[in-house]
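Q: First, the structure itself, so that you have it in front of you.
The values are calculated or read from the model by the stated rules, or taken from the named source; none is laboratory data. Predicted model only: the values in this text are computed from it and were never measured. Positions of Cβ are backbone-derived with ideal geometry, glycine not excepted, and every protein chain shown enters the neighbour counts. Just the protein is used for accessible areas: all its heavy atoms, side chains included, with ligands, DNA and RNA removed. Shrake-Rupley method; radii C 1.70, N 1.55, O 1.52, S 1.80 Å.
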Amino acid sequence: MTHTDTHADTDADTHGAVTRATHAPVTRAVIDVTTAGLPAWLDPVAQAARSVRPQQLSRFLPPESGAGRQSAVLILFGDGPRGPELLLMERSGTLRSHPGQPSFPGGSLDPEDGDQATTGPLRAALREAEEETGLDPRGVQLFGVLPRLYIPVSSFVVTPVLGWWRAPSPVGVVDPAETARVFTVPVADLTDPANRATAVHPSGHSGPAFLVESALVWGFTAGVIDRILHYAGWERPWDRARQVPLDWRA
């Protein structure tokens, strides 16, 4: 991930390359988490964020020793042509960590993000989202933070940060070396049973998967989406016996 001292307005269409113009860095701005003014359809997500426990989200939790690479992701909800939607990106196939995999925007905390126990993950989620997708963080309202989770294969300790895209801005690939594609997925497609399956890795690990927007969303990202849909009351019954095999490169 590319780390810079300045952040940018975006100038692109949704699917084009993004150019940047300097504006106030998110690391120096006042940052807050508030549910004021959220659309009513996001209330169930905000309520779930206040009550959900780590064990309800994943069986992989941060090591008690405190080991792991501190990171954050931005789970950004917006209003799209087909109603509520979620912002995702596809990681470059050349990356060492999770190559080619759809994911939330996010990455490791930088020292300038601040305290990892308080506002550091909030700043990191916004900063990384801007660096990877070109979105303007000034248009994002943070409304919740989920418990920290763990990705064993990469030793990431991840703080999922919930955002409302209050003032949408153009997004697209900023650095092709990091990001292959930036796209949005209607929540209606994520809840559609026809788009749901269980991804099975040759190692024996299995978990939720979504076949949406010409992508197979699986792993950590799919697991978090699955739990949000469940605890927000949006989940529809789906065939858990339907399997999608992964290969060893996944």
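Q: Could you work out the Kirkwood radius for region 96-219, taking every pair of different alpha carbons, averaging 1/r and inverting it, reported in Å?
A: It is 16.1 Å.
Q: At what distance in angstrom do the alpha carbon centres of region 37-76 and region 179-235 lie from each other?
A: 16
Q: Above 16 Å lies some portion of the pair distances; for region 167-250, what is it as a whole percent of all C-alpha pairs?
A: 58
Q: Probe radius 1.4 Å, ligands and nucleic acids ignored: give me the carbon and sulfur share of the accessible area of region 47-170 as a rounded percent.
A: Heavy-atom surface of region 47-170 belonging to carbon and sulfur, 1.4 Å probe: 51 percent.
Q: Something else about it: Order of 206-217, 106-117 by packing, highest average Cβ count within 10 Å first?
A: 206-217, 106-117
Q: With the other protein chains left in place, how much accessible area per residue, in square angstrom, belongs to region 92-250 at a 1.4 angstrom probe?
A: Accessible surface, normalised per residue, equals 40 Å².
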